[in-house]
Amino acid sequence: MSLAFLHAHDSAESHSDAVWDLSWTVNDTVISISADGGIKQWNSSSGQTQPPSSGLPPRHTLGLTSLSMSPDGRYALYNSIEGLTNMWDLSSGEVVGKFESYARSRQSDSESEPAWSVSLNPNGSTYASSGGSGKVTIHSAQPGSTFGERLSTIPSGRTKFGMYCTHSPDGKRLALSSESGQIFIFDLESSSLVNTFTSHAMSVRSLSWSPDCSLLLSASEDKRLVLHDVRVSSSGNMSAGGAVATFSGHSSWVLSVDFSPDGRLGLSGSADKTVKVWDIGARAAVSTIPDTGGGEVWAVSWRPKPAAHGAGAGSFVSGSEDGKVRWWRGAGAS
C-alpha cells in the first residue's frame, strides 16, 4: 500500500534562515523557530502569520534550536543556541519566563550548563533541558521569577552531548538522545535512569513518543529510524534490546521524526530533501515526498487532530532549509 500526500500551501512569508523546529498545535496553528533567531505563529488555513494582539517575541540575535508546546497550545517553550530559554504565552503574547541557563549563580555552581534541547512537561509544572554533559536538568516552568529554577539533575552515566530530550505524553518519563547514538529513558517519578539503548551508530537528532507512551521512534545521522519498545527494561545498562524495527530508505541524515496522533504512521524529514511517511505496523515507507526547492528538511509535525474516517491519512507540516513552512494533506491510499 502507498499513501498520497498533496502540497496544500506554503507560509506566506519565510524565515530568513532555516526552520530548525516546528509544531502543529491543538488550536490548528503552527509554531516555528529558525536559525534566524525568530519564532512565529502561522494560520494553518492560509499560511499567514497569526501573532497575538501584542505581536511576536523579538528576534533573538542567535539561532533557536529547540521548541516544545504545552498540550493545550497555550505555551511555547523555546531555546537559543547559547542556552537562553523562554516561555511564550500565546494567549497574551507575552514572554512569561526567561532563564539564562549558561549563567552561574555562584563560582562553584557545577550544575549550570547551557541548555541545547528543552521539553515542557505535559503537566505544565516543569521543563527538562539537556546539553554538553549528557545529563538532564529539571527546572520550574512556573511563569514569573521562579521560572528556570533548577529542581533536580538526573545523570545518564555518559558525558556525551545531549542532542534531544522529550517527555512522554503522560509526563512520567523523559527520553534523551546523545551525539554518539545512545538513547536514555528516565523515570521522572523516581528520578532514575531505567533504559539505555544503543540502536544507532551516529548522533540521534530527534525522538518521538507514541500516543500510548509504549514506543519511541528515533531519527539519526546514520540515515535510519529505529522503533523502540520502552517497556523492555535494560535496568540502565547499555542495550539494543528495546529496538523492535528499523526503517531504512533515506539517503542522508534523518533530522526529524514524529508519530501520527493515532500511532499508526511515522513521519521523517531528512537532509536528502525528502519527507517520508512510514506504516509502523507494516514496517515500511508508504510515501516519499520531495520537498522541491526547500532543501534539507529540518522539522516535521503531524496535525494533532486525526483524520476523519475515510478522509485520508491526515495532514502535516514541514520546515526546511529555505526558511519556509509547508503544509501537506493526505489524499488517500492507492
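For Ser191, are the conditions met, namely being of a type in the set (Gly, Ala, Ser), over 15 Å from Ile280 (Cβ atoms), surrounded by fewer than 23 Cβ atoms within 10 Å (Cβ to Cβ) and touching a residue at least 24 places away in the same chain (Cβ under 8 Å)?
Values: of a type in the set (Gly, Ala, Ser): yes; over 15 Å from Ile280 (Cβ atoms): yes; surrounded by fewer than 23 Cβ atoms within 10 Å (Cβ to Cβ): yes; touching a residue at least 24 places away in the same chain (Cβ under 8 Å): yes.
Spelling it out, Ser191 is indeed of a type in the set (Gly, Ala, Ser), over 15 Å from Ile280 (Cβ atoms), surrounded by fewer than 23 Cβ atoms within 10 Å (Cβ to Cβ) and touching a residue at least 24 places away in the same chain (Cβ under 8 Å).
Taking Arg283, is it closer than 19 Å to Gly330 by Cα, basic (Lys, Arg) and touching a residue at least 12 places away in the same chain (Cβ under 8 Å)? First the steps, then the outcome.
On the way: closer than 19 Å to Gly330 by Cα: no; basic (Lys, Arg): yes; touching a residue at least 12 places away in the same chain (Cβ under 8 Å): yes.
Here the answer is no, as Arg283 does not meet what is asked.
Taking the conditions exactly as written (surrounded by 15 or more Cβ atoms within 10 Å (Cβ to Cβ), in contact (Cβ under 8 Å) with a residue 12 or more places away in the chain and among the hydroxyl-bearing types (Ser, Thr, Tyr)), does Ser256 satisfy them or not?
Details: surrounded by 15 or more Cβ atoms within 10 Å (Cβ to Cβ): yes; in contact (Cβ under 8 Å) with a residue 12 or more places away in the chain: yes; among the hydroxyl-bearing types (Ser, Thr, Tyr): yes.
Judged against the criteria, Ser256 is a match.
From the list Ser156, Ser91, Ser101, Ser130, which one is open to solvent by less than 20 Å² (accessible area, probe 1.4 Å) and touching a Lys or Arg at 6+ places or on another chain (Cβ under 8 Å)? It would help to see each step written out before you state the result.
On the way: Ser91 fails: open to solvent by less than 20 Å² (accessible area, probe 1.4 Å); Ser101 fails: touching a Lys or Arg at 6+ places or on another chain (Cβ under 8 Å); Ser130 fails: touching a Lys or Arg at 6+ places or on another chain (Cβ under 8 Å).
Sole residue among the options that is open to solvent by less than 20 Å² (accessible area, probe 1.4 Å) and touching a Lys or Arg at 6+ places or on another chain (Cβ under 8 Å): Ser156.
Going by what's in this entry, would Ser234 be described as at pLDDT 95 or above, open to solvent by 10 Å² or more (accessible area, probe 1.4 Å), over 16 Å from the mean Cα position of the chain (by Cα) and over 23 Å from Asp17 (Cβ atoms)?
On the way: at pLDDT 95 or above: no; open to solvent by 10 Å² or more (accessible area, probe 1.4 Å): yes; over 16 Å from the mean Cα position of the chain (by Cα): yes; over 23 Å from Asp17 (Cβ atoms): yes.
No, not satisfied.
Looking at Ser218, is it modelled with pLDDT of 90 or more and open to solvent by less than 40 Å² (accessible area, probe 1.4 Å)? Before the answer, list the steps.
Working: modelled with pLDDT of 90 or more: yes; open to solvent by less than 40 Å² (accessible area, probe 1.4 Å): yes.
For Ser218, the condition - modelled with pLDDT of 90 or more and open to solvent by less than 40 Å² (accessible area, probe 1.4 Å) - is met.
Yes/no per residue for (1) out of contact with any Ser or Thr (no Cβ under 9 Å at 6 or more places or on another chain); (2) part of a loop (DSSP other than H, G, I, E, B); (3) free of Cβ contacts under 8 Å to residues at least 40 places away in the same chain; (4) of a type outside the set (Val, Ile, Thr):
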position	(1), (2), (3), (4)
Leu6	yes, no, no, yes
Leu22	no, no, no, yes
Ser45	yes, yes, yes, yes
His60	no, yes, yes, yes
Ser92	no, yes, no, yes
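Suppose the filter is more than 21 Å from Asp258 (Cα to Cα) and in a strand (DSSP E or B); does Leu151 pass it?
On the way: more than 21 Å from Asp258 (Cα to Cα): yes; in a strand (DSSP E or B): yes.
For Leu151, the condition - more than 21 Å from Asp258 (Cα to Cα) and in a strand (DSSP E or B) - is met.
The values are calculated or read from the model by the stated rules, or taken from the named source; none is laboratory data. Keep in mind that this is a model prediction, so the values were computed, not measured. For neighbour counting, all protein chains shown are included, and Cβ atoms are generated from backbone atoms with ideal geometry for every residue, glycine included. In case anyone asks, the SASA skips ligands and DNA or RNA and just uses the protein heavy atoms, side chains included. Shrake-Rupley method; radii C 1.70, N 1.55, O 1.52, S 1.80 Å.
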